[in-house]
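What follows draws every value from the coordinates through simple rules; no lab data is involved. Source: prediction; values computed, not measured. So basically every Cβ, Gly included, is an ideal-geometry build from the backbone, and we count neighbours across all protein chains shown.
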Amino acid sequence: MENQTQNVGQIGPFKYQRTPGAVSAFLPDISFIGSFAGGYFRDDPGDDTGENPSRTGFNFQGIELALQSVVDPYIRADVFILFLEEGVEVEDATVTTLSLPLNLQIRAGQMLAKFGRQNPQHLEQLDFVDFSRLNRRFFGDEGFSELGVEISELFPTPWFSELTFQFLQGENEGNFDGPRKGDFAYLAHWTNTFDLSPDLTLQTGLNGAFGFNASGGGNLTQIYGSDFYLRWKPSTYRGLKWQSEYFVRRRDLGAFADTEGGFYSQLIGQFARRWEGGLRFEKIGIPEGGVAQWGFSPVLTFVATEFFNLKAQYNFIDIAGHSHKQHEAFLQLQFNAGVHGAHTF
């Protein structure tokens, strides 16, 4: 009886079973994912491009260190630290509630804004070596990442339906970097997921964000978007994924307003146990505004194991006003080690 009592621990009103010597039970799940790419550019970008390849030759896209743990019955903590050539940054560092009533959930900390499908994703979740030019054009090379708080509601419907609101600090350059102390950013995201059959899943999303930009006090930026994801998985080694997003942005810039829009659409197919390939098409300039451009990107991926893969990709880009077309080619090596928590669907 004495031994049993000594092996029981307690945090507040909650009791748990101690295993002598099992120190690891109190440690978070730790993992890291490394991404490296060889690159060729007709014209090197020549500036900070975040995790995207930035030069001809060798590119260190980053090592992502993940620390994840259920802190107690009420919250979970997720910290993702990104090591880049230029330094170290916190990609995500949030606490998430686990047991609020009425299907509510609150998340707070540094987070990738939940706008569309691609912006909240980490590099290893992408089907391509780089982020779409659409996401980079609208939110910058490092994406839409902010300090803030999020509240989401899961509706009691037969399908997955979630409405999310985010109250963010407002530091996204060019969009939500207003000069006044109270110039925050606000975001809403509504997503619905339907199982059309045992093999076919559809997800749709609607997004809206607004805040004030740096062109002058009270100058508003509004960005709206929609996203679409269809996945067909008839067997372990066969499948198709079709993903598309459309954004439109209106910025008050003092004497005039700037409006531009664009979309990308990508199709990825798994055709063998370790092979998949696909194509991405992008067009910016619908409606016209900013710099009109279009491009396409074929990609081929060899998935050696769940811990290691190789991607080969080519980008063709046609930018209005440029006398020549841009050509880019990449070969990416990506590996992971440790217990890495599952990402969202």
> Taking a quarter of the surface of the Cα convex hull of the range 92-338, what do you get in nm²?
Replying inline: 15.3 nm²
> So if we plug the beta-carbon distance of Arg273 and Lys181 into 1/(1 + (r/R0)^6) with R0 = 45 Å, what FRET efficiency do we get, rounded to 0.05?
Replying inline: 0.20
> How do Glu153, Glu86 rank when sorted from fewest to most other Cβ atoms within 10 Å of their own Cβ?
Replying inline: Glu86, Glu153
> Cα centroid distance between the range 125-180 and the range 52-102, in Å?
Replying inline: 15 Å
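Run the numbers for Val88 and Val291: contour at 0.36 nm per residue of separation, minus the present Cα-Cα distance, in nm.
Residue separation times 0.36 nm, minus the Cα-Cα distance, leaves 69.9 nm.
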> Given 0.36 nm per residue, what is the gain on full extension from Ala329 to Ile63 after removing their alpha carbon distance, in nm?
Replying inline: 93.6 nm
> Over all directions, what mean area does the Cα convex hull of the range 143-256 project, stated in square nanometres?
Replying inline: 8.8 nm²
> Using the beta-carbon distance between Asp318 and Arg231 and R0 = 30 Å, what value does 1/(1 + (r/R0)^6) give for FRET efficiency, to the nearest 0.05?
Replying inline: 0.50
>> What distance in nm separates the two pseudo spin-label positions at Leu154 and Leu98, each 7 Å out from Cα along the beta-carbon direction?
In response: 1.4 nm
> Roughly how many nanometres apart are two label points built 7 Å out from the Cα toward the Cβ at Ser161 and Trp190?
Replying inline: 0.9 nm
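Using Cα pairs under 8 angstrom and six or more residues apart, how large is the relative contact order of the chain, in percent?
13 percent
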>> Can you sort Thr221, Thr96, Thr344 from fewest to most other Cβ atoms within 10 Å of each residue's own Cβ?
In response: Thr344, Thr96, Thr221
> So which aspartates and glutamates pass the test for Lys181, namely a Cα distance under 12 Å, with those fewer than 8 places away in the same chain ruled out?
Replying inline: Glu171
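For Asp258 and Arg55, compute 0.36 nm times the residue count separating them, minus their Cα-Cα distance, and round to one decimal in nm.
Details: separation 203, 0.36 × 203 = 73.08 nm, distance 3.09 nm.
Taking 0.36 nm per residue and subtracting the Cα distance, the gain is 70.0 nm.
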>> Tell me the volume per residue, in Å³, of the convex hull enclosing the alpha carbons of the range 72-225.
In response: 151 Å³
> Which of the lysines could a cross-linker span from Lys233 if the Cα-Cα distance has to be under 19 Å and same-chain partners fewer than 8 positions apart are dropped?
Replying inline: Lys241
